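The values are calculated or read from the model by the stated rules, or taken from the named source; none is laboratory data. Model, not experiment: these values are computed from the prediction. Here Cβ is always computed from backbone atoms with ideal geometry, including for glycine, and neighbour counts include all displayed protein chains. Heads up: the accessible areas ignore ligands, DNA and RNA and are worked out on the full protein's heavy atoms, side chains in. Shrake-Rupley method; radii C 1.70, N 1.55, O 1.52, S 1.80 Å.
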Amino acid sequence: MYRDNDFIYEAIACLEDTTEFHITIESFRDVYDVVLEINNETLFCIAKKNAKNANYGIIMSSFKNLNTSKNNVIIADYLTKNTAEELKQNGVNYLDASGNAFIKTKDLFIYIEGRKSKINKKTNQTRAFQEAGLKLILLLISNPETLQYSYRELAEKTGIALGSVSNIFKELEDSHYLLKTKNTRVLKNQEEIIERWVIAYNELLKPRSFRKKMRAIGNQFNVNHVLNTSDIKLYFGGEPGGELLTRHLKPKDYIIYTDEETSRVAKELKLVPDETGNIELYSKFWTDSLHLQNKYAAPSLVVYADLLATGNNRNIETAKIILENGL
């Protein structure tokens, strides 16, 4: 459940005002944030806070444990036009804080678009979800034992400034994401932290790490062949990372993270630059201190974020498996 859920009731009030339907609300039933009754139809709603720039894949991650036979609805504080359209095209009911909505059930159809946002869209613009904070949170989620390390140790393991570690921890505590006792620290609301991390990573840190789009010479690229024959140190994200972590996915598009020079990677892997290529090269942004679940795959949280960002249903399914297996 969300601590700050005013946007849920703002969204419902806008919907009631626009449609002139009487809406009854029951809060916090089981896994749902609210349950609505509209014209004798029951709608089971999940709130999506901090949804700025959340794409279809990230939104759909909210549905991982829901009963699909029910009339499920995503209530978001903000949805981009593209994300709303993709949700509609995939038959996913939604409502945002401005009253834009697509709700289609057996006996009810509501479609409202074009209402301008009334909220502050800068919901992720905090130090904890900027570059340094993303690197620190990645370590804390991937290697939970590091939560008890000193600030100096954490600075060394992430490559960020000591003062930044202190400031980020204070912000996490102020935001009720961190509980500190005399001898221990505990991360709270991890599901919300992961959700915000995924959105901020794809919006901020991943674009900064991008180098070049490429393709294999002859358009032949095989992960196992690369791992068996290449001497360069690289880590697979996205679809090949998902394959390495779950054995559930056969990749069509490839993400590679590495510290190696682009020219050496291209030579070793027989790649050429191509703006329409299916291989994306990124700089590795975590340190070797971070323990990986698979030595050839990027951190599981990074692979999870890569997969959700595609919006592809088979990638979303693989991302769910990664999350269920533990990041």
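Inspect all residues belonging to the stretch 52-71 and state whether any of them is among the basic types (K, R), open to solvent by 10 Å² or more (accessible area, probe 1.4 Å) and at pLDDT 85 or above. Yes, some residue in the stretch 52-71 is among the basic types (K, R), open to solvent by 10 Å² or more (accessible area, probe 1.4 Å) and at pLDDT 85 or above.
The residue that is most open to solvent (accessible area, probe 1.4 Å), counting only those in the stretch 178-192 that are closer than 18 Å to N167 by Cβ and in contact (Cβ under 8 Å) with a residue 12 or more places away in the chain, is R185. Scanning the stretch 203-219 for residues that are under 15 Å from L308 (Cβ atoms) and modelled with pLDDT of 95 or more, we see that the one that is most open to solvent (accessible area, probe 1.4 Å) is K206.
Looking across the stretch 50-75, the residues that are part of a helix (DSSP H, G or I) and polar (S, T, N, Q) come down to S61, S62. Residue pairs whose Cβ atoms lie under 9 Å apart, separated by 6 or more positions or on different chains, with the first residue in the stretch 89-100 and under 16 Å from N72 (Cβ atoms) and the second of a type in the set (S, T, Y), are N90/Y56; V92/Y56; N93/T105; Y94/T83; D96/Y78; D96/S117.
Restricting attention to the stretch 123-153, the residues being open to solvent by less than 10 Å² (accessible area, probe 1.4 Å), among the β-branched types (V, I, T) and within 17 Å of the chain's Cα centre (by Cα) number 1.
Of the helices (runs of 4 or more DSSP H) lying entirely inside the stretch 244-327, those containing at least 2 residues that are farther than 18 Å from K213 by Cα and touching a residue at least 12 places away in the same chain (Cβ under 8 Å) span 300-310, 313-325.
Under 28 Å from S62 (Cα atoms), out of contact with any Lys or Arg (no Cβ under 7 Å at 6 or more places or on another chain) and not small (G, A, S): does that describe L234? Spelling it out, it is not the case that L234 is under 28 Å from S62 (Cα atoms), out of contact with any Lys or Arg (no Cβ under 7 Å at 6 or more places or on another chain) and not small (G, A, S).
For the stretch 220-243, residues that are in a helix (DSSP H, G or I), in contact (Cβ under 8 Å) with a residue 60 or more places away in the chain and crowded, with 24+ Cβ neighbours inside 10 Å total 4.
When D33, D4 are checked against the criterion of being modelled with pLDDT under 90, of a type in the set (D, E, K, R) and out of contact with any Lys or Arg (no Cβ under 8 Å at 6 or more places or on another chain), D33 stands alone in meeting it. Inspection of the stretch 282-292 identifies at least one residue that is within 25 Å of K320 (Cβ to Cβ) and crowded, with 23+ Cβ neighbours inside 10 Å. Screening Y257, Y296 for residues that are buried (at least 18 other Cβ atoms within 10 Å of the Cβ), of a type in the set (F, W, Y) and in contact with a strand residue (DSSP E or B) (Cβ under 9 Å, 6 or more places away or on another chain) leaves exactly one candidate, Y257.
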